[in-house]
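Before any comments, here is the structure.
The values are calculated or read from the model by the stated rules, or taken from the named source; none is laboratory data. Predicted model, so just to flag it, every value in this text is computed and none were measured. Note that we place each Cβ from the backbone using ideal geometry, even for glycine, and neighbour counts take in every protein chain shown.
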Amino acid sequence: MDELKCEVLIIGSGPAGLSAGIYCARANRDVIILDGKQLSGLEKAKEIQNWPGEIDIKGKNLLKKFRVHAESYSENIKIIQGDIISLMLGMGANVTTTRTSTISSDVVIIATGVGTRKEIIKGESNLLGFGVSYSALNDGPLYKDNNVYLYGKDEETLEEALTLQQMGCIVHIITDLGIEELSDKAYEVKENGIEIFENMEVIEAISDSEGMIHKIICKSTHPESEENEELREFELKCLFILSHISSNFIFKKAGVELDESGNIIVDGEQKTNLKGVYAAGDCTGGLFQVVFATAEGARAAINACKYLRQLKKD
């Protein structure tokens, strides 16, 4: 695990996050921007026709311009890949953990966009820490000699499977893709004796009488199985979810207040209820427009820098 430190950690690399990064860098602050797997809503937008100065531009091209601008402040901004798996916020130094690093920061600006607002798997959030995990590297050693399942479909899933096997776990993979759609590393995984259940999705995680995960229920994603849907059950000690992270639940667990729709509640300065924690852009709700996201990112950064100046004085 890499141990990193910065003055400002920005979670999210969409328009709000990059705007916040630019403003913090211009204030000569040390910034890390965490770039997660979830695509920015702007990147998925086909056309943008209401951004001043651009009559018609593809969303991904506009986002690229924002990113190039942020990257031009290379002395102040470091952009790293990773999804958050745990947070300790509002207690002095904030600590954010990804699957590969631990980041300590004075300030956190949350700019994750709409993201994954709710659990994808029934029972997921209730079992987080009780047999559901988002990090094989962190929690794998707890399950040596036990049956564990990974749920995902990218290169990271395959790498994590091999890592868990090295830790002594009995490893299986569930993926909603066919084996031919996975990377070539899938064949290395199979050669190592790791079973891959393809064309299947996890729909529910079920606990035992003590509140620990006991089994998962899965269904086929193969087109031919739609008419005759067959459910399968697997008993296990841990389900490692690498397909998504339910961001709103992680923030709520860290003490960030959300409204009934799962939006982060902020005041007029983009402050959350936690000291030194700000939020901007679509994660706070509102009109979901690029111009609002960038403006909120700038406002969050300006107020975060004010907070830092006061913090350094004290």
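Within the range 7-27, does at least one residue satisfy the condition of being in a loop (DSSP other than H, G, I, E, B), surrounded by 19 or more Cβ atoms within 10 Å (Cβ to Cβ) and not polar (S, T, N, Q)?
Yes, the range 7-27 has at least one match.
Scan the range 61-91 residue by residue and report those that are more than 17 Å from the chain's Cα centre (by Cα) and under 14 Å from L9 (Cβ atoms).
Within the range 61-91, N76, I77, K78, G90 meet the criteria.
Go over the candidates V132, V107 one by one and state the one that is surrounded by 21 or more Cβ atoms within 10 Å (Cβ to Cβ) and either closer than 30 Å to L311 by Cβ or basic (K, R) (or both).
Answer to the check: V107.
For a quick check of your reading: which strands (runs of 3 or more DSSP E) sit entirely within the range 32-140 and have at least 1 residues that are among the hydrophobic types (A, V, I, L, M, F, W, C), touching a Lys or Arg at 6+ places or on another chain (Cβ under 7 Å) and under 15 Å from S247 (Cα atoms)?
In the range 32-140, 84-88 are the strands (runs of 3 or more DSSP E) which contain 1 or more residues that are among the hydrophobic types (A, V, I, L, M, F, W, C), touching a Lys or Arg at 6+ places or on another chain (Cβ under 7 Å) and under 15 Å from S247 (Cα atoms).
Out of the residues in the range 225-255 that are farther than 30 Å from V277 by Cα and basic (K, R), which is modelled with the lowest pLDDT?
Ranking the qualifying residues of the range 225-255, first place goes to R232.
Scan the range 257-290 residue by residue and report those that are among the hydrophobic types (A, V, I, L, M, F, W, C) and either exposed (fewer than 14 other Cβ atoms within 10 Å of the Cβ) or without any contact (Cβ under 8 Å) to a residue 12 or more places away in the chain (or both).
L258, L287, F288
Of the residues A293, A300, A304, A254, which single one is in contact with a Pro (Cβ under 6 Å, 6 or more places away or on another chain) and either among the small types (G, A, S) or surrounded by fewer than 21 Cβ atoms within 10 Å (Cβ to Cβ) (or both)?
From the options A293, A300, A304, A254, the qualifying one is A293.
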